[in-house]
Amino acid sequence: MEVTWEAILAVAGACTVIGGAWLTIRKIQKDAAASKREHAEEILKTAKEEIALKEAAYKARLNAIDIRIETLESSVDKDLQHLRETYNGEIRNLGTKIEELRSELRNQHTQMVGLLTKMISSSKD
């Protein structure tokens, strides 16, 4: 077998074509991988932005709920304080009335004992 320039050039041309095809395929693969990576990064960026928006909305809602809870707690505390004052006042009034009734009952009892004593004394005479 004789090696000629034409055979060498043909083999060299075939190697160049195969090498060029190989490099083209590698470039296409790299470009596709880069495109996928960029697409994934874009999706991730969009997702992070959406998460940040949702998080801000939830934080605002949570702050509003916290404010409402504080307002309700304050209102309930005021109502409870008012009820305590009212009930304590009523209890004091009832205590005073009970003491007045006891005193009145004691006076009536004393008067009745006095009357009975007079009646018994006058019936013995």
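Throughout, read-outs are computed from the coordinates displayed, never taken from laboratory work. Small disclaimer: the values here were computed from a predicted structure and weren't measured. Using ideal geometry, Cβ is built from the backbone for each residue, glycine included, and neighbour counts are taken over all protein chains shown.
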- request: Would you mind checking the tilt of helix 5-124 against the longest principal axis of the Cα atoms of the chain, expressed as 0 to 90 degrees and rounded to 10?
  value: 0 degrees
field: Simple spin-label estimate for Lys54 and Glu41 in nanometres, 7 Å along Cα-Cβ
entry: 2.4 nm
field: Reachable lysines, given that their alpha-carbon falls under 24 Å from the alpha-carbon of Lys54 and they are not under 8 places away in the same chain
entry: Lys45
